[in-house]
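Reviewing the structure listed below.
The values are calculated or read from the model by the stated rules, or taken from the named source; none is laboratory data. Computed from a predicted model, the values in this text were never measured in an experiment. Neighbour counts are summed over all protein chains in view; Cβ atoms, including those assigned to glycine, are modelled from backbone coordinates with ideal geometry.
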Amino acid sequence: MIRLLFVGDVFAAAGRRVLGTHLPSLRSKSDFIVVNMENAAGGFGLHREGADGALKAGAHCMTLGNHAWHHKDVYVLMQDEGTYPIVRPLNYSDPGTPGVGWRSFDVKTAQGTERLTVVNLLGRVFMEAVDNPFRAMDTLLERDDLGSVFVDFHAEATSEKQGMARYLDGRVAAVIGTHTHVPTADTRILPGGTAFQADAGFTGPFESIIGSDPHGPIERFVTERPHRYGAADGPAELNGVFVQIESNRAVGIERYRYVEGQESGGQLS
Ligand SMILES: [Fe+2]
Ligand SMILES: [Fe+2]
């Protein structure tokens, strides 16, 4: 059995800080840690400092999202696959897209070594145009060497996330959503054995609007004109999901939430 921990979108300095201080305490509860890092660099993209911090804190794999290309460091990091186990979204149309959309790992567990494949996918509803993520999964799942499959589905619409989870139910171990930065309470295992939660939630500033200082977004909503957004700081939250996986099926899933300064009431299970 693989005890997998997935941590949602790490956002800017506050997110990187709480990842560094809190993730190490979760290492003994997990065999493999996947962290979505698409917002690590000031809210936009992944830079070397963010990647190094996540690896030091215990991440075994880093996924991305619609902000995959926003920081130039990611192009360099992707060339060093041995040091930086990055998985960018699978469903881009350009065959020359840098990096990889899925990656397999041999995970050490209490029972031995088990194969795990991590996939990052982009949704298309209320998002920029990309290839069909459902067809992309069909093509990937033609392979017979993937072991258990974990999917980080980076998408806006809950319906598309539920659609993907139902489409893949019984074919992958877990479909966990990212991108909205707000954790959903629909944590469950579907009838075919696939674990699902529409959004893991993010890892970043607690007093914010999905990571930004509230001032900019509120001004934009009120005035209908663009305003400068800045990353908020202060206490941070870390949101994630624990999934227990046996032979490409989920046997357990728990939502996890930690808020700095609210240690006594921070954890949900
Ligand atoms: Fe994000
Ligand atoms: Fe995103």
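Tabulated data
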| item | result |
| --- | --- |
| Residue list for segment 76-99, filter: closer than 19 Å to Phe153 by Cβ and without any contact (Cβ under 8 Å) to a residue 12 or more places away in the chain | Thr97 |
| Tally, over segment 149-159, of residues that are away from ligand 1 (no atom under 16 Å from the Cβ) and surrounded by fewer than 24 Cβ atoms within 10 Å (Cβ to Cβ) | 1 |
| Top-ranked residue of segment 221-261 - restricted to ones that are basic (Lys, Arg) and crowded, with 16+ Cβ neighbours inside 10 Å, ranked as nearest to Gly177 (Cα to Cα) | Arg255 |
| Among the candidates Ala14, Ala59, residue that is more than 16 Å from ligand 2 (Cβ to nearest atom) and either modelled with pLDDT under 95 or farther than 30 Å from Glu246 by Cα (or both) | Ala14 |
| Candidates Leu116, Leu77, filtered to the one that is more than 24 Å from Val175 (Cα to Cα), crowded, with 19+ Cβ neighbours inside 10 Å and more than 16 Å from ligand 2 (Cβ to nearest atom) | Leu77 |
| Segment 172-197, subset closer than 22 Å to Leu141 by Cβ and surrounded by fewer than 24 Cβ atoms within 10 Å (Cβ to Cβ), residue farthest from ligand 1 (Cβ to nearest atom) | Pro191 |
| Criterion violated by Gly65 - all others in (1) more than 15 Å from ligand 1 (Cβ to nearest atom); (2) surrounded by 20 or more Cβ atoms within 10 Å (Cβ to Cβ); (3) within 21 Å of Tyr229 (Cβ to Cβ) satisfied | (1) |
| Matching residues, segment 166-175, being hydrophobic (A, V, I, L, M, F, W, C) and either at pLDDT below 95 or more than 18 Å from the chain's Cα centre (by Cα) (or both) | none |
